[in-house]
Amino acid sequence: MDFDAIFEDQLTKLKDEGNYRYFAELERKCGKFPSAANHNDGEVRDVTVWCSNDYLGMGQHPKVIEAMCEAVKRTGTGAGGTRNISGTNHDHLLLERELADLHGKENALLFTSGYVSNWAALSTLGSRIENCVILSDSGNHASMIEGIRHSRADKVLWKHNDVADLEAKLAALPADVPKIVAFESVYSMDGDICPMREIVEVAEKYRAMTYLDEVHAVGLYGPRGGGISEREGLADRITLIEGTLGKAYGVVGGYITGSAALCDFIRSFASGFIFTTALPPAVAAAARTSIAHLKVSQFERAKQRQQVAKLRARLDAAGIPHMHNESHIIPVMVKDPVKCRMLSDYLMNEWGIYVQPINYPTVPKGSERLRFTPSPLHTDADIDYLVEALSELWNQCAIARAVA
């Protein structure tokens, strides 16, 4: 059997639908974010990155870089093993204490990525808690969906951010069944923020555990960067708070926080924790420095909010349709996969602006978009240039403008 022919056939279909993913080859420049070098067909040129998840530019912060370099010189480049076998380093434990403090929890547990922390934690909870039912927001991330699926626990989907639907589905379950309500604070594609207080109150009413993904909120919201749960004063009422070190904190890795018993339970039973090499100590040191800085510094968050507001206002003035929300994520709606890809290519090739097209299956068909994430390091001139480029391309491609 010609397996390559099977692969090529499906890849061709993906390309014909406009949903094939092309990766831009970038070279980040230390201290120059959001500028990067784009390598393409043997040529190199500077581009401005508008879709980075390094939301605050902390991956370029001098203190974070210094911490990582110091730790490499002190500990070497790798952890030396799994956490269970020689890989638990002092820097890991210091970071876990920093994370527990960030969310006001007893303990924290590190993972190699936010995807893995969701997958490992949810799959372990669902499989080890007998007769458990997981009630999952229909907009939850693929990592949460995979974790729930892998757990083989009973799953109940509730309508996205619909507290009434959540309550109806909780009420329909037997009172003695263990329940986990799994949801996110900031949803990465639409940028909408969940009605957290109402979700927590309904979960408490039915004695359900709450599992909160704060991946797109940690570092960005709350007086110390603890996320929406800190901003709303709800962290102490949420059973498990999960987050990432690879977005606003500018490094890599994922984590969960909760009670000492909860974290020890996941540590002891989660295959995604037990059987993988630990994060390098230098990564942990850099992440701890980034978290500690953002616990006390308001500058980065304030400047980011300012630039987000400026871009939204300029898009509105130009009639560029974008999804309104209360977060830092600005989805510019194209609603056509081919045009979305084409706009991305034009921006890169003609304007030196890099933004990745977001097509199916990341978003539903008909809701294709360009997802912009302004940082505190994007200048006013960067914003003006971006809107000028979008306005010109909207005319060239005959895309409808938003009505004021």
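The values are calculated or read from the model by the stated rules, or taken from the named source; none is laboratory data. As the structure is a computational prediction, the values presented were derived from the model and not from experiment. Glycine also receives a Cβ, built like all others from the backbone with ideal geometry; neighbour counts cover every protein chain displayed. Surface accessibility is based on the protein's heavy atoms, side chains included, excluding ligands, DNA and RNA. Shrake-Rupley method; radii C 1.70, N 1.55, O 1.52, S 1.80 Å.
Miscellaneous remarks
- Taking 0.36 nm per residue of separation and subtracting the Cα-Cα distance, full extension of the segment from Arg28 to Arg401 would add 130.9 nm.
- Asp154 long-range amide H proximity, modeled H, under 5 Å: Ile134
- Shape box of segment 107-207 [Cα atoms, principal axes, largest first, Å]: 36, 34, 26
- For the chain, the alpha-carbon coordinates run over 60, 57, 55 Å along the three principal axes, in decreasing order.
- Using θ = phi - 60° in the Karplus curve 6.51 cos²θ - 1.76 cosθ + 1.60, the 3J(HN,Hα) couplings for segment 237-242 round to 9, 9, 5, 9, 10, 10 Hz; x is entered for Gly and Pro.
- Calculated from backbone phi, Karplus (6.51, -1.76, 1.60) coupling profile of segment 369-377 in Hz, x at Gly/Pro: 7, 9, 10, 9, 10, x, 10, x, 9
- Which of Tyr346, Tyr115, Tyr249 is most accessible, then next, and so on - probe 1.4 Å: Tyr115, Tyr346, Tyr249
- Relative to the current alpha-carbon distance between Ala142 and His324, full extension at 0.36 nm per residue lengthens the span by 63.2 nm.
- Residues with amide H under 5 Å from that of Val181, placed H, sequence gap 5 or more: Leu135, Met209, Thr210, Tyr211
- Amide hydrogen neighbours beyond the local backbone of Tyr221, cut-off 5 Å, H modeled: Gly227
- Annotation: extensible slack from Ala164 through Asp4 equals 52.7 nm (criterion: 0.36 nm per residue apart, minus Cα-Cα distance).
- In nm, spacing of pseudo-spin labels at Arg128 and His90 (7 Å Cα→C-beta vector): 2.9 nm
- Solvent-accessible surface ranking, highest first, for Arg207, Arg401, Arg312 at 1.4 angstrom: Arg207, Arg401, Arg312
- Spin-label zone in segment 329-371 - amide nitrogen under 17 Å from a point set 7 Å from the Cα of Asp16 along the C-beta vector: 337-338
- Local net charge near Ile320, Cβ-Cβ under 14 Å (Lys/Arg +1, Asp/Glu -1): +4
- Label point distance in nm, Asp316-Glu198, each placed 7 Å from Cα along Cα→Cβ: 2.4 nm
- Across all directions, the average flat footprint of the convex hull enclosing the Cα atoms of segment 13-102 is 10.2 nm².
- Calculated on the Cα set of segment 180-318, radius of gyration then Dmax: 16.7, 54 Å.
- For the chain, averaging the sequence separation of C-alpha pairs within contact (under 8 Å, six or more residues apart) and dividing by the residue count gives a relative contact order of 21 percent.
- Solvent-accessible ranking of His150, His328, His160, largest area first, probe 1.4 Å: His150, His160, His328
- Asp264 - accessible surface, heavy atoms, 1.4 Å probe, Å² rounded to 10: 70 Å²
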